[in-house]
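The block underneath contains the structure these notes are about, expressed in structure tokens.
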Amino acid sequence: MDRRRFIRNVAAGTAGITLGAVPYELFAHEDFTTISILHTNDIHCHIEPFTGSNERYANKGGLARIAKLAALERQKNPNTLLLDAGDMFQGTPYFNYFKGELMLKVMSEAGYDASTIGNHEFDNGLQGIKDPLPNAEFPIISSNYDFSDTILSGSFPEYKIFRRDGVKIGIYGVGIELENLVGKKNYGATVYNDPVVVAQRMESFLKNEKKCDLVICLSHIGLRYRDNKVSDMVLAAETSFTDLIIGGHTHSYLEKPLEEKNKLGQTVIVNQAWWGGLVVGKIDFVFEKSKRNKKAVYSDLL
């Protein structure tokens, strides 16, 4: 069976996006482009691996491992993005001594392409975000926090568009409500806007105005809750053009990504990669160049 027919058979009976365990090498063909998304969340300043006797954690995690994995994946596929869903700060003595400066430097060296803001980024107040920010050699995207009346005004882009092998990838970011979670003095005049409303605006802008082929949300609002609190799963169901939601905050371990139907009945992929760099999520999107069709055909934990 030729490669093109094989791919069509894998995707048979589906519309839009579907997940299947198909290795990247099958799509190393001029008709197709594979965009690999690597992602982390809630690293919490774990630059080094965990120590201790707990076999679930000992000698695992940390940014050194993430950097090595990202380098290896980029050797296999240069069209790879490394993304993070927030809570980079707080959690180890590295933050106590160096605040956010060292973390942003190491993440930059590791090759992160983009991140968003988590609630723990506010732990040392707005000045604690502003001071280390120049050390980030990647955009920290924030779409639903309005910093206009703070010292962080103009510091964070609402979105970022990446181009890889002719594919336009639009990314926006949403964060959790800060009231009753972060001390008022730490976020000051920062305005929290409804993530659902913002997501709908941003995805339409990226898809319809900027003509992005792939739309990704970096979310630090949590995977899901028992009540009606906004979450990644709520966001997925209320959006129309977002293809992938990379989540954080709830430290959720998912053996495989979740699939939710959006308002148009199409599939949205929702994933979260535990915490501390213990795992790195990976999702491959394959584009058929001539028709601009896309399929999420492979997911893994690294």
Practice item. Using a Gaussian network model of the chain whose springs link C-alpha atoms within less than 10 Å, name the residue from Gln127, Gln75, Gln272 with the highest mean-square fluctuation. Key: Gln75
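For the chain, which longest stretch is free of loop sites, where a loop site is one of the chymotrypsin sites (Phe, Trp or Tyr not before Pro) that DSSP puts outside H, G, I, E and B and that has at most 16 other Cβ atoms within 10 Å?
Numbers: sites that count: Tyr57, Tyr225.
Here the longest run is 58-224.
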Exercise for review: Give the long-range amide H neighbours of Asp84: residues separated by 5 or more places, or on another chain, with amide H under 5 Å away, using H modelled in the peptide plane at 1.01 Å from N.
Suggested key: Thr40, Ala114, Ser115, Thr116
Point to revise | Residue-count net charge about Pro139 - beta-carbon cut-off 9 Å; Lys, Arg +1, Asp, Glu -1 | key: 0
Revision key, fill the gap. Loop-resident GluC sites (Glu not before Pro) in the range 205-302 with no more than 12 other Cβ atoms inside 10 Å, DSSP not H/G/I/E/B, are Glu255
Study note, to complete from the structure: Binned at 10 Å from zero, the C-alpha pair distances of the range 42-130 give percents of 16, 46, 30, 8, 0
Check your understanding: Are there trypsin sites (Lys or Arg not before Pro) in the range 220-302 that DSSP puts in a loop and that have at most 13 other Cβ atoms within 10 Å, and which ones?
Key -> Arg226, Lys229, Lys263, Lys291, Arg292
Review point. Any idea what log10 I(q)/I(0) is at q = 0.15 Å⁻¹ for the range 96-217, Debye with uniform C-alpha scatterers and no solvent?
Key: -0.72
Point to revise | Charge dipole (debye, nearest 20) of the range 43-102; +1 at Cβ of Lys and Arg, -1 at Cβ of Asp and Glu | key: 220
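So which GluC sites (Glu not before Pro) in the range 28-97 end up in coil per DSSP with only 15 or fewer other C-beta atoms within 10 Å?
Answer by residue number: Glu30, Glu55.
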Check your understanding: Counting only complete DSSP H runs, which helices of the chain cover 30 Å or more along their long axis at the Cα atoms and score a mean Kyte-Doolittle of 0.0 or above?
Key -> none
Exercise for review: Report, in whole Å, the centroid distance computed from the Cα atoms of the range 263-282 and the range 45-71.
Suggested key: 20
**Study point:** Convex hull volume of the range 203-302 per residue (C-alpha atoms, cubic angstrom)
**Key:** 107
Exercise for review: Please compute the net charge surrounding Gly86, taking Lys and Arg as +1 and Asp and Glu as -1 over other residues with Cβ under 12 Å from its Cβ.
Suggested key: -4
Point to revise | the chain - mean residue ellipticity at 222 nm from DSSP helices (-39,500 (n - 2.57) per run, n ≥ 4, rounded to 500) | key: -6000 deg cm²/dmol
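Relative contact order of the chain: what whole-number percent is it, with Cα pairs under 8 angstrom and at least 6 residues apart?
Contact order relative to length: 23 percent.
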**Study point:** Rh by Kirkwood over Cα pairs, then Stokes-Einstein D for the chain at 0.692 mPa s and 37 °C, µm²/s
**Key:** 169
Check your understanding: So what is the relative contact order of the range 225-289, in percent, for Cα pairs below 8 Å that sit 6 or more residues apart?
Key -> 30
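The numbers here are math on the coordinates, done by the rules we state, and not lab data. Keep in mind the model is a prediction, meaning the values are calculated, not measured. We place every Cβ from the backbone using ideal geometry, glycine too, and count neighbours over all the protein chains shown.
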